[in-house]
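Trainee: The structure follows.
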Amino acid sequence: MRITFAASEGVPFSKTGGLADVVGSLPKAVAAAGHEVEVLLPRYRMTKPGKLLPNCRSITLPLANGFHFASIQDGGVADGVHTYLVECPEFFDRDQLYMDKGQDYPDNPLRFAAFSLACLEFLKRSANPPDVIHCHDWQTALVPIYLRNLYSGDPFFEKSSVVFTIHNLGYQGLFPPHILPHIGLHAGLFTIDGLEFYGKVNLLKGGILFSDFVTTVSRKYAEEIQTPEFGYGLEGVLRSRADRLQGILNGVDYDAWNPTSDRLIPANYSPEDLKGKEACKKGLLEKMGVVQPVLDRPVIGIVSRFATQKGFDLIAGVVEELMAMDLYIVALGTGEPEYEDLFRSLTAKYPDKFLVKVAYDNTLAHLIEAGADMFLMPSRYEPCGLNQIYSLKYGTVPVVRATGGLDDTIEPFNGKTGTGFKFADYTPEALLAVTRKAVEYYRQPKAWRTLMLNGMKKDFSWPSSAKQYVKVYQAASRARTKIKSAASASNA
C-alpha cells in the first residue's frame, strides 16, 4: 500500500512533544514492513529547508479570506520514508509551532487549514492516489473533513481511506463558528451531527466523524475516552464509532533511547553490566549543581511538559513529606506558567534536593533517564506516555498513576515479577504511599536489581505496533471500497 502521513510535527524536522516521536518512528516501521510511505509536515522556521519540487512551486489555497500560496520542498528519504515539507511562510515562519508566550496563535485554524489543503493538492500532483492517509490530532483533522466534503466528488481520491489518530483528546481544535467560511467550509456542517460542539466548531470531532478508522495510542486510553471522566465531551461521538476505534500502544525508537549505545550519557551500560549507571547518576547530580552527590540517595527523575494533565499538583501536596524521605527529585520541562512557577519555587525552597531546569534540553532528558533511579509520572490522564517506556530500558523504575498507557505498560512489582509501581487514586496521599513503597524496595539491593532487570528486558519497539497499524490500514481500505461500491450501486 501507499501510506501518506500528515502531521503537524515530526522528528527530526520539528518537535514539541510525543507526537513528533511517533511521526518520526512509525512511518519507518511501516516502510520496513514493505509499504510505500511518505510524510507531509509544515516547514517551520526551525526546520531546515529542502529542495523545491519543480511541479509544486505554487499551490493555490482558495480559503475564504482570499488566495494563499504554498510550495512543497523535498525533505529527503531516510529508512525508506520520503518526507515532504509544506512551505508557506505567512503561516509557518514563526518562532514556535502553535503558540507564542503561552498563547495559541489566533490564526491557528487558518494555518492548519492551509496545511491540510496543501497536503491534498500535493497528493493530486502524484501519479497515483494514496491507499491510506494517516492523520494525527486536530491540526490535520481538516484533511478527512475536506476529503469527504470539498473533495467528495473527486475521482482521484475515491479509493483513498483515512485513518485518524488521537494522541491527546484534551486538545480538540475548538474555534468560534465564524471560522467556517474562513477555512473554506459551509455553514451546513455546523450541526450536532457535524462539527458543532457546545456552540463552537470542533475540528477533532470532525476528524473522528469523517475518517474511516480512528485509533488512539494505548488500549486503556481507547476505553477511557469513551467515558465522561476522560471523554472531554466527545465520549458519545467516540462510542458511536466504537466499531471503528482501536487503541494501539506507541512503540519507541531504541536507536535513540538505549543505554548500551546512547551517546548523550557519560557512560553506557547494559543488563549484563550496570556499572555505567552509577556514573550517569553522579554526572546527572553534578550537572544539576550538586557539589557532593550522595550516591546512595535515590534520585526520582521527571521529564515532562509542565501541564495540569501531568499531575504535578499532587507533588505540591506532599512535597515536605517527599523531601523528608532523603531523596533527590530532578525535573526538566516547560509549559504552563503556573507549573513552571511551582517548580521554580520548590527548587528555591529545597535547593540541595529538588533540582529543576525549566527548558527543553534533549541531552539532559537522556541524562535524567540514565542517571535517575526512578521516574515519576503521576498523570491525571496519559494517552500513552513514552518516558515510562524509555525508563524501563534504562533500568530507571517507573512510578506512575494507573491510567491510559501508563497502566498498559507498567506491571506492579511484587518482589520478584513486575516492572514498576502504580497508584490508582488521584490524591497526594496515594502518590506519597507508592513513592514510600518504591523507596523501601530501593533500600533492598537484590530486589531492586531484579526490578531493574525486569524492565530492561521489555521490548516496546515499533514493529509490533506497526503490524497492528497495517491491519487497520487494510480494514480502512476495505471499508472505503464497500462505501464506494454501495454508492455506485445506488447511482445505478
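Only the coordinates and a few stated rules stand behind these numbers; no lab work does. Just so we're clear, the structure is a prediction, and the values are computed from it rather than from any experiment. Don't worry about glycine lacking a Cβ; one is built from the backbone with ideal geometry, like all the others, and counts go over all protein chains shown.
Trainee: What is the range 275-456 by shape, rounded, prolate or oblate, if you read a ≥ b ≥ c off the alpha carbon gyration tensor as root eigenvalues and call it rounded for a/c under 1.5, prolate for a/b larger than b/c, and oblate otherwise? Don't skip to the end; give the middle numbers.
Mentor: Values: a/c = 1.38, a/b = 1.09, b/c = 1.27.
Here the range 275-456 falls in the rounded category.
Trainee: A further question follows. Extending each Cα 7 Å along its Cβ direction at Asn258 and Phe190, get the distance between those two points in nm, one decimal.
Mentor: Going from the Asn258 label point to the Phe190 one covers 5.3 nm.
Trainee: Checking the a/c ratio against 1.5 first, then a/b against b/c, what shape does the Cα gyration tensor give for the range 425-486? Could the numbers behind the result be given before it?
Mentor: Numbers: a/c = 9.86, a/b = 2.42, b/c = 4.07.
Oblate, because a/c is 1.5 or more while a/b does not exceed b/c.
Trainee: What is the order of Met374, Met1, fewest Cβ neighbours within 10 Å to most? Don't skip to the answer; put the middle values down first.
Mentor: Values: Met374 23, Met1 16.
With the fewest neighbours first, Met374, Met1 line up as Met1, Met374.
Trainee: Which one of Asn454, Val290, Ala424 has its Cα pushed farthest toward the positive end of the charge dipole of the chain, where Lys and Arg give +1 and Asp and Glu give -1 at the Cβ?
Mentor: After comparing all options, I get Asn454.
Trainee: Next question, about the same structure. Given axes a ≥ b ≥ c from the Cα gyration tensor, I'd like to know whether the chain is rounded (a/c under 1.5), prolate (a/b larger than b/c) or oblate. Working shown, then result.
Mentor: Details: a/c = 1.85, a/b = 1.84, b/c = 1.01.
Prolate, since a/c reaches 1.5 and a/b exceeds b/c.
Trainee: Write out the GluC sites (Glu not before Pro) in the range 229-288 meeting two conditions: DSSP loop, and at most 10 other Cβ atoms within 10 Å of their Cβ.
Mentor: Values: sites: Glu229, Glu235, Glu272, Glu278, Glu286; in loops: Glu229, Glu272.
When the GluC sites (Glu not before Pro) of the range 229-288 are filtered for loop state and at most 10 Cβ neighbours within 10 Å, Glu272 remain.
Trainee: Given labels modelled 7 Å from the Cα in the Cβ direction, how far is it in nm from Asp104 to Arg57?
Mentor: Reported label-point gap for Asp104 and Arg57 is 3.7 nm.
Trainee: Treat the count of other C-beta atoms within 10 Å as a stand-in for reagent exposure and order Phe157, Phe67 from fewest to most. Numbers along the way, then the final one.
Mentor: Details: Phe157 21, Phe67 8.
With the sparsest Cβ surroundings first, the list reads Phe67, Phe157.
Trainee: Let me ask something else about it. Helix-only mean residue ellipticity at 222 nm, the chain, DSSP H runs n ≥ 4 weighted -39,500 (n - 2.57), per residue, nearest 500. What is it?
Mentor: Numbers: 17 runs with 184 residues, N = 492.
Helices in the chain give a 222 nm mean residue ellipticity of -11500 deg cm²/dmol.
Trainee: With just the Cα atoms defining each centre, how far is the range 355-416 from the range 263-329? Give it in Å.
Mentor: 11
Trainee: If you don't mind, there's one more thing I want to ask. Which order do the peptides 158-167, 137-146 come out in when sorted by mean C-beta neighbours inside 10 angstrom, highest first? Could the numbers behind the result be given before it?
Mentor: Working: 158-167: 23.8, 137-146: 26.9.
Per-residue Cβ counts within 10 Å, averaged per peptide and sorted highest first, yield 137-146, 158-167.
Trainee: Considering Cα pairs under 8 angstrom that are at least six residues apart, work out the relative contact order of the chain and quote it in whole percent. Numbers along the way, then the final one.
Mentor: On the way: 945 pairs, mean separation 62.9, N = 492.
With pairs under 8 Å counted, the relative contact order is 13 percent.
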